[in-house]
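Student: Right, I'll just put the structure down here and ask away after.
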Amino acid sequence: MNLSKLVYKNITRRRGRFLFTLLGITIGIASFVTFMALGGSLKDEIHRETAALGANLVVIPKGSCGYEQLSILTGDQMPTNISAAEIATIRAIKGLTVVPFLAQQTAINNKPVTVSGIEPEATLAFKRWQISQGAYFSNPDETGVVIGATAARQFDLKPGATVTVRGEKLPVLGILGETGGRDDATLFLSLPVAQRLFKSADKVSYAAIRVDDLARTEGYIEKIREATGLGVVSDKQMLKSVLGIVGTVNITLQMIAAVSVLAAAFGIINTMMAATYERKREIGILQALGARRRTIFLLFMLESGFYGIIGGVTGVITGLATAVIVTPYISQNAFTTFVKGSGSGDIIDIKMIAGSILFSTVVAIVAGIYPAWRAARLTPVEAISYE
Amino acid sequence: MNNIIRTEHAAKSYKSGEITTTALKDVSLEILQGSFTCIIGPSGHGKSTLMHLIGGLDRPTDGKVYIGDVEISRIPNSDLARLRGKRVGFVFQFFNLMQGLTAIENVEIAMMLAGVPDREQRVRAVKLLALVGLAEKAGAKPGQLSGGQQQRVAIARALANDPDILLMDEPTGNLDSVAEAEVLDLLQTLHRQGKTVVIVTHSDEVAKRAERIIRVKDGLVAH
Ligand SMILES: Nc1ncnc2c1ncn2[C@@H]1O[C@H](COP(=O)(O)OP(=O)(O)O)[C@@H](O)[C@H]1O
Ligand SMILES: [Mg+2]
């Protein structure tokens, strides 16, 4: 007999209580892990999308907030409030490369897909896309779609197939090479066709801008604002405000996780209190047999620590499984599109796994302190005289 | 012969809230090494309390208690625990055994607490169970053993660390006369091997076998 064997025998003595307490920790740690996994990939994804956009400045309708900026990165539907005339005004400023976008959505097989209206030549130069299959737009108002690599794979589309957008059948012209960003999951239309289909003649949602001289970025922002009265943000500002929004979401998720971990901790306290009460006499027997108070304390601490380790392992497994299984089913919105875009390879992170198990163990040990102290505080006679 | 246990004006009172119960008033006694002693007396008069004091399970509120030369009423808790483990074996009236463990594991646990290595624990536990006539019950849980068998397992466990002193609080109080006789024979064998045996009892059968009888009445020893 040794201490750990004794702990194991004690903990498994009441199977039902053991399993339910374990279930509590599993759920707590699983929600912690799920939210960490989702929240973590969200941030990575924002950095990646901002880089993939490839713009130094973004022009958006006046009075836009962080949410519109987030929509640009997620490929969400956006209002179309910027006129062709305003784009022309910006283009008149020297030292800028300006590319307008019309951001809309459609559905293929009932699944939402981002639609982007673009100026074919300007956008191709700006994004430096490769064409992997078929052809690109051959004139500025060609009727047809060019599809990102992921979307093509997802809906099994090849050049020559047709896609229905807003009730109109459009031929698939070509498929883009892998970009690693949102563009992979997007349908591209030429701007005039998009404007006709989505009934927003001469309007666009936003414009991406590259500046020739980065040192003068601040000056350009001022100039565009004065000339058009539109909102202008730099990529850094955009990153900051979008991360800010995601941060708020993350904090909310983390609070939910914290509450479930806290509930699990109280579950452990409850179980251990019941155990000290039930085993009062056995504590006395152990003391009569020569157990010191620290041994009694250790015995109960090991028991709650054991819950923490086992619960940590089952919680991490459950949490990661949930993150991987649930992610594709999360409905499309500004926050979750990021999550959908990220591969499960990013979710499984050794440091996070070890950290979560350690966290679970620490929580369980802290939860076990009070019950263990109560057990160790019993005098032998108090414990023995108990029937 | 030496005195292995000695008390000097030992007194014990329990305080619970405003009420103070005096369980032992003033007890001075000596118990010889290797003797077989019975403590008898009416219920509630302080027999168990006296046993707890001389075994170092509790401390007197007044007076002194010695085991050998050590004044155990003054040593720190952890030393007292070690002393209980090494020099004293306890057997109580009932629920002596850890319910979740087998007979042999119950015996091993006493050695575990004394720091005996796993393998040696097993070897000695087997011998001890054989000594109390329960070799074939090693794997049984307490619920599968009769009352007499449980008490014999408790005695095997009390012997685990080869203590000088066996202290028993009504060990046969729950047993029928056949089981009681078996336990008593076992205790007498141990006594012959040199153990100091102190038994608190109500039973005349037990008292008959004693070399000496100490009567406790009203928290005092009647001489
Ligand atoms: N832990 C305790 N708290 C309060 N009173 C106690 C406690 N233990 C024993 N007593 C009281 O001390 C007296 C002696 O008890 P005890 O030594 O158990 O007697 P006996 O073993 O002779 O029946 C009794 O009146 C009992 O109620
Ligand atoms: Mg008693």
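Student: Could you tell me whether region B:2-11 includes any residue that is away from every other protein chain (no Cβ under 14 Å), within 12 Å of ligand 1 (Cβ to nearest atom) and under 18 Å from the mean Cα position of the chain (by Cα)?
Tutor: Checked against the condition, which is being away from every other protein chain (no Cβ under 14 Å), within 12 Å of ligand 1 (Cβ to nearest atom) and under 18 Å from the mean Cα position of the chain (by Cα), region B:2-11 yields no hits at all.
Student: Another question, then. Just to confirm my filter: which helices (runs of 4 or more DSSP H) fall fully inside region A:1-113 and include at least 3 residues that are touching a residue at least 24 places away in the same chain (Cβ under 8 Å) and closer than 30 Å to A:LYS199 by Cβ?
Tutor: Numbers: elements: A:3-11, A:15-53, A:66-74, A:84-91.
Once the helices (runs of 4 or more DSSP H) in region A:1-113 are filtered for at least 3 residues that are touching a residue at least 24 places away in the same chain (Cβ under 8 Å) and closer than 30 Å to A:LYS199 by Cβ, what remains is A:15-53, A:66-74, A:84-91.
Student: Still on this structure, I have one more. Based on what the data block shows, is B:LYS15 more than 10 Å from chain A (Cβ to nearest Cβ), away from ligand 1 (no atom under 16 Å from the Cβ), more than 25 Å from B:LEU186 (Cα to Cα) and of a type outside the set (Phe, Trp, Tyr)? Talk me through it step by step, then tell me what you get.
Tutor: Values: more than 10 Å from chain A (Cβ to nearest Cβ): yes; away from ligand 1 (no atom under 16 Å from the Cβ): no; more than 25 Å from B:LEU186 (Cα to Cα): yes; of a type outside the set (Phe, Trp, Tyr): yes.
No, not satisfied.
Student: For B:LEU24, only one of the following conditions fails: (1) more than 16 Å from ligand 2 (Cβ to nearest atom); (2) crowded, with 19+ Cβ neighbours inside 10 Å. What is its number?
Tutor: In the conditions (1) more than 16 Å from ligand 2 (Cβ to nearest atom); (2) crowded, with 19+ Cβ neighbours inside 10 Å, B:LEU24 misses (1) alone.
Student: Taking the criterion of being within 11 Å of ligand 1 (Cβ to nearest atom) and more than 22 Å from A:LEU286 (Cβ to Cβ), would at least one residue in region B:69-84 satisfy it?
Tutor: Looking for residues that are within 11 Å of ligand 1 (Cβ to nearest atom) and more than 22 Å from A:LEU286 (Cβ to Cβ), one finds none in region B:69-84, hence no.
Student: Take region B:206-223 and flag every residue that is within 23 Å of B:THR22 (Cα to Cα) and part of a loop (DSSP other than H, G, I, E, B).
Tutor: If the condition is that a residue be within 23 Å of B:THR22 (Cα to Cα) and part of a loop (DSSP other than H, G, I, E, B), then B:ASP218, B:GLY219, B:HIS223 are the ones that fit.
Student: Then there is this: List every residue pair whose Cβ atoms lie under 6 Å apart, where the two residues are 6 or more positions apart in sequence or sit on different chains, the first residue falls within region B:193-216 and is closer than 20 Å to B:GLY89 by Cα, and the second residue, located anywhere, is of a type in the set (Lys, Arg).
Tutor: Partner pairs satisfying both residue conditions: B:VAL200/B:LYS47.
Student: Within region B:115-137, work out how many residues are of a type in the set (A, V, I, L, M, F, W, C) and either closer than 18 Å to B:GLU182 by Cα or at pLDDT below 95 (or both). Please lay out each step first, then the result.
Tutor: Narrowing region B:115-137 to residues of a type in the set (A, V, I, L, M, F, W, C): B:116, B:123, B:125-126, B:128-132, B:134-135.
Checking which are either closer than 18 Å to B:GLU182 by Cα or at pLDDT below 95 (or both) leaves us with B:128-132, B:134-135.
Number of matching residues: 7.
Student: Tell me which residues, restricted to region B:64-84, are in a helix (DSSP H, G or I) and of a type in the set (Lys, Arg). Write out each step before concluding.
Tutor: Within region B:64-84, the subset in a helix (DSSP H, G or I) is B:77-84.
Matches in region B:64-84: B:ARG82, B:ARG84.
Student: Also, I was wondering about something else. Can you confirm whether A:VAL33 is of a type in the set (Val, Ile, Thr), over 30 Å from B:ALA160 (Cβ atoms) and not assigned by TED's automatic domain parsing to the domain that holds A:SER356? Show your work before the answer.
Tutor: On the way: of a type in the set (Val, Ile, Thr): yes; over 30 Å from B:ALA160 (Cβ atoms): yes; not assigned by TED's automatic domain parsing to the domain that holds A:SER356: no.
When the stated conditions are applied, A:VAL33 does not pass them.
Student: Follow-up. Only helices (runs of 4 or more DSSP H) wholly contained in region B:97-162 count here; list those with 1 or more residues that are in contact with a strand residue (DSSP E or B) (Cβ under 9 Å, 6 or more places away or on another chain), within 13 Å of chain A (Cβ to nearest Cβ) and buried (at least 23 other Cβ atoms within 10 Å of the Cβ). Full working, then the answer.
Tutor: Numbers: elements: B:103-113, B:118-131, B:147-158.
The helices (runs of 4 or more DSSP H) meeting that bar are B:103-113, B:147-158.
Student: So B:SER48 clears everything in (1) more than 16 Å from ligand 2 (Cβ to nearest atom); (2) closer than 23 Å to A:LEU286 by Cα; (3) not in a loop (DSSP other than H, G, I, E, B) except one condition, right? Which one?
Tutor: Result: B:SER48 fails condition (1) only.
Student: Going through region B:18-41 one residue at a time, which ones are farther than 20 Å from B:ILE72 by Cβ, within 15 Å of ligand 1 (Cβ to nearest atom), touching a helix residue (DSSP H, G or I) at 6+ places or on another chain (Cβ under 7 Å) and part of a strand (DSSP E or B)?
Tutor: B:CYS38, B:ILE40
Student: Now, a different point. How about region B:185-205: which of its residues are more than 15 Å from ligand 1 (Cβ to nearest atom) and either within 16 Å of B:GLY148 (Cα to Cα) or part of a helix (DSSP H, G or I) (or both)?
Tutor: Looking only at region B:185-205, we keep the residues that are more than 15 Å from ligand 1 (Cβ to nearest atom), and these are B:185-197, B:204-205.
Those that are more than 15 Å from ligand 1 (Cβ to nearest atom) and either within 16 Å of B:GLY148 (Cα to Cα) or part of a helix (DSSP H, G or I) (or both): B:ASP185, B:LEU186, B:LEU187, B:GLN188, B:THR189, B:LEU190, B:HIS191, B:ARG192, B:ASP204, B:GLU205.
Student: Show the residue pairs that are 6+ apart or on different chains and have beta-carbon atoms under 8 Å apart, the first residue being within region A:163-191 and of a type in the set (Phe, Trp, Tyr), the second being in a strand (DSSP E or B) and at pLDDT below 90.
Tutor: Between residues of region A:163-191 that are of a type in the set (Phe, Trp, Tyr) and residues that are in a strand (DSSP E or B) and at pLDDT below 90, there is no close pair.
Student: Let me ask another. Which condition number does B:GLN93 fail, the rest of (1) within 13 Å of another protein chain (Cβ to nearest Cβ); (2) among the polar types (S, T, N, Q); (3) buried (at least 20 other Cβ atoms within 10 Å of the Cβ); (4) within 19 Å of the chain's Cα centre (by Cα) being met?
Tutor: Of everything listed in (1) within 13 Å of another protein chain (Cβ to nearest Cβ); (2) among the polar types (S, T, N, Q); (3) buried (at least 20 other Cβ atoms within 10 Å of the Cβ); (4) within 19 Å of the chain's Cα centre (by Cα), B:GLN93 misses just condition (3).
Student: Could you list, ordered by first residue, the pairs with Cβ atoms under 9 Å in which the first is in region B:40-68 and within 10 Å of chain A (Cβ to nearest Cβ) and the second is acidic (Asp, Glu), at least 6 apart or interchain?
Tutor: What qualifies is B:SER48/B:ASP169; B:SER48/B:GLU170; B:THR49/B:ASP58; B:HIS52/B:ASP58; B:HIS52/B:ASP169.
Student: Right, another one. Return yes when B:LEU57 is within 15 Å of ligand 1 (Cβ to nearest atom), of a type outside the set (Lys, Arg) and on the phi < 0 side of the Ramachandran plot and no when it is not.
Tutor: Criteria met by B:LEU57.
The values are calculated or read from the model by the stated rules, or taken from the named source; none is laboratory data. The model shown is predicted, which means the values in this text are computed figures rather than measured ones. Cβ coordinates were reconstructed from backbone atoms using ideal geometry, including for glycine residues, and neighbour counts include every protein chain displayed.
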